[in-house]
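Single-structure report; data block below.
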Amino acid sequence: MASIKSNTAIAFFVDGLEVKTAKLSSKKGSIVLDELESLTLASRLDEGRGVEGTTLEPQQEQASEGFGMGGGELQTDLPGVDNNSVFLGVLSKYPVGKYVVSYAISEPSIYYHTFETDFGLQGKKLRKRISDELSAVRSESPSNDAIDHFYSSDNNLICLIREDGLSIIDILEEIKPYTGKRLPRIPLVDSSDIALLNLARANFGFAPEEITAIIYIGNEYTRIIFLKGSDFLHFAPVIGEGFDSTNIQNITLNRLMLELDNLALPRVDRILLAGECKKIQFDDFIKDHFAEIDIQFLSAPYLDVSQLSAEVQERVSEFAVPIATAWKALDSKHPAFYQTNLLPETIRDQQRSFKLGWHGYLLLAMVFLLTLFFTYRFGVVKNEIAREENTMRRLQLQLAEVDRLKGIIGGIDDEIGRFRIAMNVYDSLVPGYDRWTKTIETMANGVEDIRSLWFTDVGSMPDGGIEVSGYALYRARIPRISTLFDNTTLRQVIIEPIREDAPQVYKFNFTAPPPPPPMKDTTKFLPDTTTVQK
């Protein structure tokens with residue numbers, strides 16, 4: 001069944017010129033039977049619809065028999081009324097988009113075919129196989145969406161095939177401008193015989209071997225259906241006469257007895273009556289021949305019928321087909337209902353929010369996966385950005401500290417520059433300031449070159465010379481050290497032990513005269529007298 005959810009369902013069943021309607025709703029977990037109505041069509045659906053030039057009015061009156069709304073019988077032939085206006089009169093009473101529409105069809109719009117096996121197939125493969133099998137015995141091969149099936153009590157495959165039955169959909173298409181400019185949602189097109197089976201199975205209990213006959217007498221045809229336990233057993237051939245036939249009671253009784261003989265059934269345990277049986281007191285007639293059999297009208301005790309008057313509640317069996325069809329539209333998963341649906345695939349597709357092929361589902365999965373990936377990547381990148389922002393803030397603080405230190409260093413560099421200038425001025429004013437620096441440097445270089453000696457004392461003499469004392473491991477190296485300075489006088493060389501267990505060393509002492517005073521450069525204190533020739 002098409003996946004369409006609604007709390008209100010309207011169902012139609014056309015029998016000749018009569019269309020029976022039922023409105024059911026789902027309220028607080030229970031199914032409520034709100035309204036029943038019988039309407040008279042302007043013409044048969046298979047004879048063409050409507051009178052040319054007819055203008056539809058949404059609130060136009062119908063030729064109808066209304067129940068549940070307190071209306072009485074109304075059987076008039078209104079000029080200018082066509083089939084479109086009849087259906088529009090029903091739908092225009094309810095808010096647009098708040099209901100779903102379903103309907104049931106009967107033979108010859110459908111036919112049945114029985115197979116002893118389901119070929120080990122299911123779903124679309126089984127429908128394709130059924131279509132192939134039927135094409136071998138019929139002139140035309142039915143489309144897959146015109147085929148459905150269920151199983152009988154002996155596990156035979158019962159196929160129902162729709163050959164026509166789309167006139168109501170055509171009418172709904174034509175009245176779209178008056179119903180919200182769109183086709184009402186249609187979840188179900190079912191068989192009237194399946195509807196009778198569903199209503200009986202949902203409201204009555206059956207013993208496993210009990211044989212039940214459902215007798216439906218309509219306006220133009222009569223149908224007998226047999227059940228074994230709660231499962232379908234057999235469809236009797238349709239009787240092409242309705243309740244207004246003068247001999248319909250005897251014809252129906254004879255057909256019932258004939259089918260019992262053909263099925264080799266010794267008895268029938270229960271008879272359920274539906275349709276127009278009550279109008280012709282068929283229950284009294286059949287009781288005369290089956291006095292000990294449970295005979296009752298097909299009712300719906302599990303539906304809430306409190307919205308209907310007591311008189312209308314007694315006529316529920318007349319509307320068994322549309323009631324069961326609307327109930328199935330509201331509760332398609334009911335365990336007592338056969339899961340059959342002959343709704344064309346094109347209508348199903350139109351009512352879907354969107355249709356996806358395998359590539360669409362692949363793209364949908366990719367969108368989902370990409371959404372997860374980009375969501376994950378967004379979190380990762382967001383964390384990375386947060387870390388980088390923290391790093392940048394630390395670096396900015398460090399940069400500010402570096403700028404502060406650069407300012408301090410700049411100040412120190414300026415001070416060093418000032419000291420250098422002062423030292424240059426001092427050097428130019430005090431000659432010989434670096435005497436001891438040069439003396440110590442000369443002595444250090446001499447020790448490094450000559451080796452095996454060391455100095456112990458360096459001092460200045462009254463005349464400005466220097467006196468140097470030290471030790472040498474080798475006597476031959478003492479003259480070499482005295483040549484470090486100009487005009488050196490070696491005053492003393494003696495042998496002197498340092499430690500008891502150490503070899504003897506040579507202690508020396510020499511003096512050097514003061515260095516000559518440097519030439520004072522006075523040119524840098526003279527004014528610049530350079531002239532430039534013009």
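What follows draws every value from the coordinates through simple rules; no lab data is involved. None of these values were measured; they are calculated from a predicted model. Cβ: placed from backbone, ideal geometry, glycine included. Neighbour counts: every protein chain shown.
Relative to the longest principal axis of the Cα atoms of the chain, helix 123-135 runs at roughly 40 degrees.
Given R₀ = 56 Å, FRET efficiency for Thr375-Tyr426 by Cβ-Cβ distance, to 0.05? So the FRET efficiency works out to roughly 0.15. Angle, helix 192-203 long axis vs. longest principal axis of the chain, Cα atoms, 0 to 90°, nearest 10? On a 0 to 90 degree scale, this one is about 80.
Within the shell defined by Cβ-Cβ distances under 15 Å, the residues around Glu140 carry a net charge of -3, with Lys and Arg each +1 and Asp and Glu each -1.
Here the sum of -39500 (n - 2.57) over DSSP H runs of 4 or more residues, divided by the residues of the chain, equals -11000 deg cm²/dmol at 222 nm, to the nearest 500. In the chain, the longest principal axis of the Cα atoms and the axis of helix 435-450 are about 80 degrees apart. Computed about its Cα centre, the charge dipole of the stretch 435-512 is approximately 160 debye, with only Lys, Arg, Asp and Glu carrying charge at their Cβ. Here the extension length gained between Ile412 and Ser30 equals 128.0 nm, from 0.36 nm per residue of separation less the Cα-Cα distance.
Taking other Cβ atoms within 10 Å as a rough exposure proxy, Thr179, Thr375, Thr212 sort from fewest to most as Thr375, Thr179, Thr212.
Note on the stretch 376-422: dipole from Cβ charges, positive end direction compared against Gly379, Leu405, Ile416; the farthest Cα belongs to Gly379.
Counting other Cβ atoms within 10 Å as a rough exposure proxy, the listed residues Thr371, Thr325 run Thr371, Thr325 from fewest neighbours to most. Across the options Leu233, Trp327, Thr488, the greatest Cα extent toward the positive end of the charge dipole of the chain (unit charges at beta carbon of Lys, Arg, Asp, Glu) belongs to Thr488. List the pairs from Lys181/Lys333; Lys27/Lys333; Lys20/Lys328; Lys98/Lys278 whose alpha-carbon separation is above 28 Å, in the order I gave them. Over 28 Å apart, Cα to Cα: Lys181/Lys333; Lys98/Lys278. Around Leu172, with a cut-off of 11 angstrom between Cβ atoms, what is the net charge of the other residues, counting Lys and Arg +1 and Asp and Glu -1? For residues surrounding Leu172, the net value is 0. Per-peptide packing, taken as the mean over residues of other Cβ atoms within 10 Å, places 138-151, 14-27, 408-421 in the sequence 14-27, 138-151, 408-421 from highest down.
Placing unit charges on the Cβ atoms only, positive for Lys and Arg and negative for Asp and Glu, gives the chain a dipole magnitude near 3980 debye about its Cα centre.
In plain terms, the bigger the Kirkwood radius, the slower the diffusion; for the stretch 435-512, with that radius from Cα pairs, at 4 °C and 1.567 mPa s, Stokes-Einstein puts D at 100 µm²/s. Values [x] 1.00; [y] 1.11; [z] 1.79 are given for comparison; Rg/Rh (Cα atoms, Kirkwood Rh), derived from the coordinates here, is the one labelled [z].
Taking other C-beta atoms within 10 angstrom as a stand-in for reagent exposure, His359, His234 fall in the order His359, His234, fewest first.
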